[in-house]
1. State the number of lysine pairs found in the range 1-110 whose Cα atoms come within less than 23 Å, restricting to pairs 8 or more positions apart or on distinct chains.
2. With the crude spin-label approximation of a point 7 Å out along Cα→Cβ, what separation in nm comes out for residue 37 versus residue 80?
3. As I understand it, the value is the acute angle between the Cα axis of helix 104-117 and the longest principal axis of the Cα atoms of the chain; what does it come to in degrees, rounded to 10?
4. List the relative contact order of the range 118-199 as a percent without decimals, with contacts defined as Cα pairs under 8 Å and 6+ residues apart.
5. Could you compute the net charge surrounding residue 43? Neighbours are other residues with a C-beta less than 14 Å from the C-beta of residue 43; K and R count +1, D and E count -1.
6. What fraction of the DSSP beta bridges in the chain is antiparallel, stated in percent and rounded to the nearest 5?
7. Can you order the peptides 9-21, 179-191 by their average number of other Cβ atoms within 10 Å per residue, highest first?
8. By average Cβ neighbour count within 10 Å, what is the ranking of 112-123, 30-41 from highest down?
Amino acid sequence: MGLRLRHVTKRFGDFVAVDDVTIDIPEQEMFGFLGANGAGKTTTFRMILGLLDPTEGEITWNNQPITYESSHLIGYLPEERGLYPKLKVKEQLIYLGRLRGMDKETIVKEMRRWLERFKVPEYENKKVEELSKGNQQKIQFIAAVIHRPKLLILDEPFSGLDPVNVELLKKAVIDLKNEGTTIVFSSHRMEHVEELCEHLCIMHRGKPIVHGSLKEIKRSFGKKNIIIHAD
Ligand code: ATP
């Protein structure tokens, strides 16, 4: 049960962006994909979300293919942040929450809960473009979780954030996991995943070069701190 990838491959013409990935992510686990730019993390996420079809292989959530309907159970923080700069935070979240089938009252309630939690209740009526990049990222995170997804996919959630916001977001992610959300995220940096994940997969040029528990991975690399550098 949970999220299962079986021999998942994606080719763009002759180029193999994701090469034979087989991974099981049990429900309520936090799983990290680690890899440099171009390793194939985003392409893997897009296939999980159904935005791209695998060239080969199969992806299931609780033994079922992910369909348009079940995609409502997924929350997604894309790497390219995509908020409307001219909308107020509240308008933005109402729009995105409605796309998830939520009613306005619930959206506003959830939004206020999250803004309080991020210590920025006054942002409700600010335009997105008035916020710093880090604060826009918090709003994008709220958009990804406002419908309380069962499966949350976060593409580089900590990139571009200052240390205070990294800690705020980490805490939010840990709480969501403890509430039962299955969380999959990507990062360039081991330090971001080692604190949060039980299991992870290191990708390099589309290939999962090693995956397993943090302990197993550290043993196979034979050192404590692993930083994945771009080629
Ligand atoms: P980053 O951290 O830079 O996002 P990534 O690990 O997420 O890296 P991907 O974005 O999945 O990597 O890209 C993997 C490879 O596939 C890259 O070489 C990229 O150029 C290529 N690629 C991705 N999408 C396409 C596409 N639509 N057509 C052709 N090549 C693509």
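1. 7
2. So the two model labels end up 1.5 nm from each other.
3. 70
4. Rounded, it is 33 percent for the range 118-199.
5. -2
6. 55
7. Order by mean packing, descending: 179-191, 9-21.
8. The densest-packed peptide leads the list: 30-41, 112-123.
Every read-out reported here was derived from the displayed coordinates using simple, explicitly stated rules and does not represent laboratory data. Values in this document were obtained by computation on a predicted structure and should not be read as measured data. In this analysis, Cβ positions are derived from the backbone assuming ideal geometry, glycine residues included, and neighbour counts consider all displayed protein chains.
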